[in-house]
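Notes to accompany the following structure.
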Amino acid sequence: MAEVKDHLEIKFRLNDGSDIGPKSFPDATTVAALKETVVAQWPRAEKENGPKTVKDVRLISAGRILENNKTVGDCRSPVSNLSDAVTTMHVLIQPQVTDKAEKKTKKKPKGDLKQNNCVCLCFGRRL
């Protein structure tokens with residue numbers, strides 16, 4: 001059986017398909033610290049489109065958005081215990097809302113709401 005390591009090799013996949021890493025992180029490293037690494041190592045050519053703060057970054061691993069207070073050890077999957085395995089975490093950038101954007105998204109009175117015209121259809125075979 002594979003030996004459990006106390007470090008995890010992680011690479012961060014950016015939205016353009018490029019990667020940051022891989023880099024080794026101890027199991028006690030928090031997700032917030034991982035986000036700080038992403039902000040610090042963001043490619044220089046894309047700084048204006050990149051995250052400004054840790055609050056702009058969302059990390060996804062194994063289909064789950066990771067919470068800042070979780071550790072790398074909490075996010076470990078069984079596959080990551082294999083030797084030479086590198087865990088890929090996807091990076092989403094969620095820019096901070098500006099004052100102009102807040103004004104645009106303010107709620108309208110109920111009389112101004114549009115009706116949702118979506119329809120869901122389920123086709124199944126009756127027995």
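Structure data summary
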quantity	calculated
Extension gain, HIS90 back to ILE65 (0.36 nm per residue minus Cα-Cα distance, nm)	8.1 nm
Solvent-accessible area, 1.4 Å probe, carbon plus sulfur percent, for region 7-93	53 percent
Cα extents of region 7-93 along the three principal axes, largest first (Å)	37, 25, 21
Accessible area expressed per residue, region 7-93, with surrounding protein chains retained (probe 1.4 Å, Å²)	55 Å²
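The values are calculated or read from the model by the stated rules, or taken from the named source; none is laboratory data. None of the values given here were measured: they were computed from a predicted structure. For the accessible areas, the whole protein counts, side chains as well, though only heavy atoms, and no ligand, DNA or RNA atoms are used. Shrake-Rupley method; radii C 1.70, N 1.55, O 1.52, S 1.80 Å.
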